[in-house]
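The values are calculated or read from the model by the stated rules, or taken from the named source; none is laboratory data. Nothing here was measured: the structure is a model prediction, and the numbers come from that model. Virtual Cβ from ideal backbone geometry, glycine too; neighbours counted across all protein chains shown.
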Protein chains: 2
Amino acid sequence: MSASANADADEGAGAAGTGSPPRRGRGRPRGAGGESTANTRARIVASAAELFAERGFHATPMTAVADAAGLSQSGLLHHFPSKEGLLAEVLRQRDLRDLAELATARDHPPRGWEVWDDMTTLVRLNSGREALVRLFTSLAGEAVDPEHPGHGWLAEHHRSAVDALTRGLEEAVADGTAQAAIPAQSLARQAVALMDGLQLQWLVRPRDVDMAADFACFVEGVRSRWTR
Amino acid sequence: MSASANADADEGAGAAGTGSPPRRGRGRPRGAGGESTANTRARIVASAAELFAERGFHATPMTAVADAAGLSQSGLLHHFPSKEGLLAEVLRQRDLRDLAELATARDHPPRGWEVWDDMTTLVRLNSGREALVRLFTSLAGEAVDPEHPGHGWLAEHHRSAVDALTRGLEEAVADGTAQAAIPAQSLARQAVALMDGLQLQWLVRPRDVDMAADFACFVEGVRSRWTR
DNA sequence: GTCTATAAGGGGATAGAC
DNA sequence: GTCTATCCCCTTATAGAC
């Protein structure tokens, strides 16, 4: 579903359709004739992630993705028969990357306040991954629509983040490092909301916003008020 | 809000050139022949706001707006020659409504912490204006792209909100009701980010999120820590 | 001011050759 | 696995009648 398509300003990229001269060979970074399917798919997903981030899902034509990945539109469809399927894969890999990024930071699963420290780390990391942040923000805005193919992903994304932060605070209470009266879930939702909202402001005026500092300031406030 | 109760159910609306049978007559709820331009424009803007909110700007075709407003696509273009122009008007009116809403709440311009109280009030009001919230969130996501026609509006929107909240805290310091060391601007950015982020979560799972309560909790935290 | 008709160009997807 | 060619729908915008 998700009918929509839409146009507006085609950037460079000699797209398709319009009797334009067929592009040939193009020094593609490809090896010889046959390339491993896995490699091609990876290239496609990387290109799609970048373009969806830059222009949004709806506004990005498959031809643009194909072009960026160095194959024709039909070649692309051979690997991802539908645009929605491609989006699903992009989102899956986006989440995997977040998890991997944090996993390297610790040798044991985070517990208690550590969960919150990890989130702060993630915000700092995000300050250096504009494309990834743009992908999330741009897609989140569209995916608010229940019909959008990314809707379920967005809901799940929020749920898991809020749950993790809530659990962290509950563990802190259990460990005696946080007061029992702490409104854990509300604070967790606030943290997630803050992260999303800061990203929005940061993307619009990168030079005026220090996401990591602002987020750390928030966490500091929570800690100083609710530490036991 | 909510545009025109304009019934007339044919949304299928055979739009363009596919030699489909021309639709005729259509009993529109319109008065006689000529209708005041102002009225028609108002109907159009209301419909557009609703649809942009529901599906996003990019994903909403002008034909859908025209249909919702009860005129043909060309009729619509007579009043708003371009889609961007229509968006500009929608955004202008959205901001006017926010201002008006808050203006009725007080008889004097808010000062100091009152500015923050007003923001809390606004969040509560927003809990009852899903369409308006959806419009903001959906557009904000797209407008992160510097090429998007709403980009300038988004930047200005954030700037003015952050400025107002910062000024409030500075006044509180001047009035002796806040500590001088308060990180006013960071807190202001956090408040705005929180508002935007909570809206996102709320739109996805309305029943699980109480925006007003969460926001109030945040403000309470700021107050209890920095009140003098 | 509003309509019908149509232009002009995307857009996703399919068929079938190589 | 990849391409070319093509289908068919959607979308914005214009022309001109009423």
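Structure notes:
- Residues considered: B:Thr120, B:Thr137, B:Thr177. Of these, the only one that is within 14 Å of another protein chain (Cβ to nearest Cβ), in contact (Cβ under 8 Å) with a residue 24 or more places away in the chain, away from DNA strand D (no atom under 14 Å from the Cβ) and more than 18 Å from B:Ala49 (Cβ to Cβ) is B:Thr120.
- Tallying residues that are of a type outside the set (D, E, K, R) and touching a residue at least 24 places away in the same chain (Cβ under 8 Å) within the range B:182-209 yields 14.
- From the options A:Leu187, A:Leu194, A:Leu132, residue that is within 14 Å of chain B (Cβ to nearest Cβ) and more than 17 Å from the chain's Cα centre (by Cα): A:Leu187
- If you go through the range B:74-106 and keep only what is loosely packed, with under 14 Cβ neighbours inside 10 Å and part of a loop (DSSP other than H, G, I, E, B), you end up with B:Pro81, B:Ser82, B:Thr104, B:Ala105, B:Arg106.
- Any hit, the range B:2-16, residues being within 14 Å of chain A (Cβ to nearest Cβ) and either modelled with pLDDT of 95 or more or away from DNA strand D (no atom under 15 Å from the Cβ) (or both): no
- Filter pass, B:Glu142 being of a type in the set (D, E, K, R), within 12 Å of chain A (Cβ to nearest Cβ) and surrounded by 24 or more Cβ atoms within 10 Å (Cβ to Cβ): yes
- Criterion violated by B:Val65 - all others in (1) modelled with pLDDT of 95 or more; (2) away from every other protein chain (no Cβ under 14 Å); (3) under 24 Å from A:Asp145 (Cβ atoms) satisfied: (2)
- Looking only at the range B:82-98, residues that are among the acidic types (Asp, Glu), more than 16 Å from DNA strand C (Cβ to nearest atom) and free of Cβ contacts under 8 Å to residues at least 60 places away in the same chain come to 1 in all.
- Which numbered condition A:Val115 misses (of (1) more than 23 Å from B:Ala193 (Cβ to Cβ); (2) in contact with a Gly (Cβ under 7 Å, 6 or more places away or on another chain); (3) not charged (D, E, K, R)): (1)
- When residues of the range A:53-62 are limited to those that are assigned to a helix (DSSP H, G or I) and within 11 Å of DNA strand C (Cβ to nearest atom), the one nearest to the other protein chains (Cβ to nearest Cβ): A:Arg55
- Scope the range A:201-212; condition within 7 Å of chain B (Cβ to nearest Cβ) and among the small types (Gly, Ala, Ser); matching residues: none
- B:Leu71 falls short on exactly one of the conditions (1) part of a loop (DSSP other than H, G, I, E, B); (2) exposed (fewer than 15 other Cβ atoms within 10 Å of the Cβ); (3) away from DNA strand D (no atom under 11 Å from the Cβ), and that condition is (2).
- Here A:Glu101 fulfils each of the conditions (1) free of Cβ contacts under 8 Å to residues at least 60 places away in the same chain; (2) within 11 Å of chain B (Cβ to nearest Cβ) apart from (2).
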